[in-house]
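K.L.:
Below you will find the structure I want to go over with you.
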Amino acid sequence: MVNHTLIQYFHWYYNEEEKLWVKAAKHADSLADMGVTMVWLPPAYKATSGEESVGYDCYDLYDLGEFNQKNCIATKYGSKEQYIHAIKTLQDKQITVMADVVINHKAGGDQLEKVPVRKVNPDNREEFISDVMLIDAWTKFTFPERAGKYSQFIWDLHCFSGIDWAEDLKESGIYSIQNAYGEAWEEVPSREFGNYDYLMFNDVDFRNEAVQEEIKRWGEWYYKTCGMKGFRLDAVKHISPWFLNIWIDHMNATFKEDFFIVAENWVTTDVAELEAYIEETGGRMQLFDSILHMNFYRAGEEGQNYDLSKIFDGTLTQSRPELSITFVDNHDSQPLQALQSYVEYWFRPLAYALILLREQGIPCLFYADLYGCKYSDADNDGLVVEVELIGLPELSIISKIRKSLSYGIQTDYLDHPNCIGWTRSGTDEHPDSGIAVVMSNGEPGQKAMEIGLKHVGKEFVDALGNHHEVVTIDEHGWGNFFCAAGSVSIWILNHIL
Ligand code: CA
């Protein structure tokens, strides 16, 4: 058994010369070498903003960079052939590819329709603020360039529960579509704004059976075309959970697969919300631990005033470790993005040690931490800001330690506000495995920790080189391990280095 490691293989502002699909294929060997076992690729289908799009404003789920739609053939990330080649190349290296599934909404409709709607209060979507009225809205999707290839399904006003633009009135707002499936929104997990079914663009109405069948048909086509072994489900707190259950069961049964499923359910305070979602979905999906991410963010901001012994308190990793996907940052939390909460640079190696070297959770690396990136965008005041995120030199080292050495019984010493540590005893299955980790958000630290009798008399050194001591394990299997101020040290057997 090998530890699983996921990487989010993009960030919001991917702007490199090389198409992402080409880069992903080219780096398959180096990713496998550093211990990556799963790669999450961004949305691959044509979006309304064409070549500029990150992919979440999706237009045509069947256009993977094949048709001349939205002023381009290939997407920002490359062509359909390049996408399929990347998936095959990665999976040939035993790296599972997870495709991004964006089915909450569609954008960039082809034709206007007369749509009966009621406007709602944006802060309480259960409150109507207009009577029923007919507006012109872009609710009809005919995909003229694709012309029925792969699917002849035409989306129209009956396929959506809400829209945000009345073309005839030139007026934005949140309009609840009054169709055969009820005047109200779908029941969704999030109660923010009264009911958070509506997120953006044309919100898909899963109460329509024709829509359910079409999304199932699309899932079959997508897998048969590309062969990915996993899916990352976008924006699930805005989607009826019962439909996602049906969809996952359908995919698994149809293809006799056990697809790896991760859902994005952005919750930052109350883990009970994530636990309730797990109940509703019967544990079919792994969830990103956004609460742990926020703890990392606070730990970075607060420095030595943050109580490190509580870093896992209230997180999904603590309550449901088997379903938790841990991460430090993602494309939404990076600087200048909607949920900006980027973890301070000094804390990032500590955060990565916390997700990569412990038993609980499956860690997800962030593209920018591996390769770095530079971009600019407007901030909240409309000023253009240049951002540079620097790749972490420690990341591939820590990731390789996860792959080869971080095994066996975990003994925790999460017992001091400013200095915590843990050990992994190692196993016979993984030669030379067994590690000790110590980190501090204040003064230099040291911790006496038990690593196990199999290491008696052996010497350990810091793989990150932050501390130059050699620690010898005593006759009881204990060692006195160190770390520098505001730093992490990862102790491994001396002869490995
Ligand atoms: Ca929705």
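The values are calculated or read from the model by the stated rules, or taken from the named source; none is laboratory data. Quantities reported herein were computed from a predicted structural model and do not represent experimental measurements. No Cβ is skipped: glycine too gets one built from the backbone with ideal geometry, and neighbour counts run over all protein chains shown. For the accessible areas, the whole protein counts, side chains as well, though only heavy atoms, and no ligand, DNA or RNA atoms are used. Shrake-Rupley method; radii C 1.70, N 1.55, O 1.52, S 1.80 Å.
K.L.:
Would you confirm, using the coordinates I've provided, whether Tyr198 is within 16 Å of the ligand (Cβ to nearest atom) and open to solvent by 30 Å² or more (accessible area, probe 1.4 Å)? Explain how you work it out, then say what you get.
P.N.:
On the way: within 16 Å of the ligand (Cβ to nearest atom): yes; open to solvent by 30 Å² or more (accessible area, probe 1.4 Å): no.
No.
K.L.:
Any residue at all in region 142-164 that is assigned to a strand (DSSP E or B), among the small types (Gly, Ala, Ser) and either closer than 26 Å to Ala276 by Cα or without any contact (Cβ under 8 Å) to a residue 12 or more places away in the chain (or both)?
P.N.:
Pass one, region 142-164, residues assigned to a strand (DSSP E or B): 155, 160-164.
If we keep only those that are among the small types (Gly, Ala, Ser) too, we end up with 161-162.
Then keep just the ones that are either closer than 26 Å to Ala276 by Cα or without any contact (Cβ under 8 Å) to a residue 12 or more places away in the chain (or both); that gives 161-162.
Checked region 142-164: at least one residue is assigned to a strand (DSSP E or B), among the small types (Gly, Ala, Ser) and either closer than 26 Å to Ala276 by Cα or without any contact (Cβ under 8 Å) to a residue 12 or more places away in the chain (or both).
K.L.:
Part of a helix (DSSP H, G or I), more than 27 Å from Gly108 (Cα to Cα) and within 16 Å of the ligand (Cβ to nearest atom): does that describe Asn252? It would help to see each step written out before you state the result.
P.N.:
Details: part of a helix (DSSP H, G or I): yes; more than 27 Å from Gly108 (Cα to Cα): yes; within 16 Å of the ligand (Cβ to nearest atom): no.
No; evaluated as a whole, the condition is false for this residue.
K.L.:
With Trp266, Trp221, Trp247 as the choices, which residue is open to solvent by 20 Å² or more (accessible area, probe 1.4 Å) and either within 16 Å of the ligand (Cβ to nearest atom) or part of a loop (DSSP other than H, G, I, E, B) (or both)?
P.N.:
Trp266
K.L.:
Does region 166-185 hold any residues that are modelled with pLDDT of 95 or more and within 13 Å of the ligand (Cβ to nearest atom), and which are they?
P.N.:
The answer is Ile174, Ser176, Ile177, Trp185.
K.L.:
When residues of region 386-395 are filtered for being assigned to a strand (DSSP E or B) and surrounded by 13 or more Cβ atoms within 10 Å (Cβ to Cβ), how many remain? I'd like the intermediate steps shown before the answer.
P.N.:
Keep residues of region 386-395 that are assigned to a strand (DSSP E or B), which gives 386-389.
Next, only the ones that are surrounded by 13 or more Cβ atoms within 10 Å (Cβ to Cβ) stay: 387, 389.
Within region 386-395, residues that are assigned to a strand (DSSP E or B) and surrounded by 13 or more Cβ atoms within 10 Å (Cβ to Cβ) number 2.
K.L.:
Let me ask something else. Applying the selection to region 401-435, what residues are in contact with a helix residue (DSSP H, G or I) (Cβ under 8 Å, 6 or more places away or on another chain), open to solvent by 40 Å² or more (accessible area, probe 1.4 Å) and more than 21 Å from Asn305 (Cα to Cα)?
P.N.:
Passing the criteria: only Asp432.
K.L.:
Being of a type in the set (A, V, I, L, M), outside any loop (DSSP other than H, G, I, E, B) and assigned by TED's automatic domain parsing to the domain that holds Glu186: is that true of Val120 here?
P.N.:
For Val120, the condition - of a type in the set (A, V, I, L, M), outside any loop (DSSP other than H, G, I, E, B) and assigned by TED's automatic domain parsing to the domain that holds Glu186 - is met.
K.L.:
Could you give me the residue pairs with C-beta distances under 6 Å whose first residue belongs to region 320-336 and is open to solvent by 10 Å² or more (accessible area, probe 1.4 Å), whose second residue is among the small types (Gly, Ala, Ser) wherever it lies, and which are 6+ apart or on separate chains?
P.N.:
Cβ pairs passing all conditions: Pro321/Gly361; Asp332/Ala338.
K.L.:
Can you tell me which residue in region 201-218 is farthest from the ligand (Cβ to nearest atom), limited to those that are open to solvent by 20 Å² or more (accessible area, probe 1.4 Å) and assigned to a helix (DSSP H, G or I)?
P.N.:
Within region 201-218, the match that is farthest from the ligand (Cβ to nearest atom) is Arg217.
K.L.:
Please tell me if Tyr367 is surrounded by fewer than 23 Cβ atoms within 10 Å (Cβ to Cβ) and aromatic (Phe, Trp, Tyr).
P.N.:
Numbers: surrounded by fewer than 23 Cβ atoms within 10 Å (Cβ to Cβ): no; aromatic (Phe, Trp, Tyr): yes.
For Tyr367, the condition - surrounded by fewer than 23 Cβ atoms within 10 Å (Cβ to Cβ) and aromatic (Phe, Trp, Tyr) - is not met.
K.L.:
Kindly provide the set of residues from region 269-306 that are assigned to a helix (DSSP H, G or I), hydroxyl-bearing (Ser, Thr, Tyr) and touching a Pro at 6+ places or on another chain (Cβ under 7 Å), ordered by number.
P.N.:
Tyr277, the sole residue that qualifies.
K.L.:
Given the structure, is Ala47 at pLDDT 95 or above, in contact with a Ser or Thr (Cβ under 6 Å, 6 or more places away or on another chain) and open to solvent by 10 Å² or more (accessible area, probe 1.4 Å)?
P.N.:
When the stated conditions are applied, Ala47 does not pass them.
K.L.:
May I ask you to list the residues in region 128-163 that are surrounded by fewer than 19 Cβ atoms within 10 Å (Cβ to Cβ) and within 16 Å of the ligand (Cβ to nearest atom)?
P.N.:
Within region 128-163, just His158 meets the criteria.
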